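To keep things clear, I will list the structure first and then write my remarks on it.
Derivation of every value follows stated rules applied to the coordinates shown; laboratory data play no part. The structure presented is a predicted model; accordingly, all values stated were derived computationally and were not measured. When we count neighbours, we look across all protein chains shown, and the Cβ atoms used for this are built from the backbone with ideal geometry, even at glycine.
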Amino acid sequence: MSDRTLLNRAQVAIRLGITVECFYRKRRDLEAQGFPPPAFGRMSGERWDPAAIDHWLDAMLPPAALSRDAAGEDKWAAQLDNRVALVALGGR
């Protein structure tokens, strides 16, 4: 089993590239788009599995973004950043 630290709300927001306040406001919309529920806790003690978040982010990307090679790594990163920004703003 891998050693994986669960993320708190602030760490999740950082991973998504948004503020904690934005995550709090958009959380229901994100969950409606399949964002993973907390793996542990309630209210201020909630913790998320980083692998589940990564899986969700990957699922939000178009298939072409997932077929990467060494030369396409920068393009993939830019597409991921753009997708996170769109999700944070409520677009799909």
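Some notes on this structure:
- Gained length - Ala39 relative to Ala85, 0.36 nm times residue gap less alpha-carbon distance: 14.2 nm
- Toward the positive end of the charge dipole of segment 9-88, with +1 on the Cβ of Lys and Arg and -1 on the Cβ of Asp and Glu, the farthest Cα among Ala39, Ala52, Gly17 is that of Ala39.
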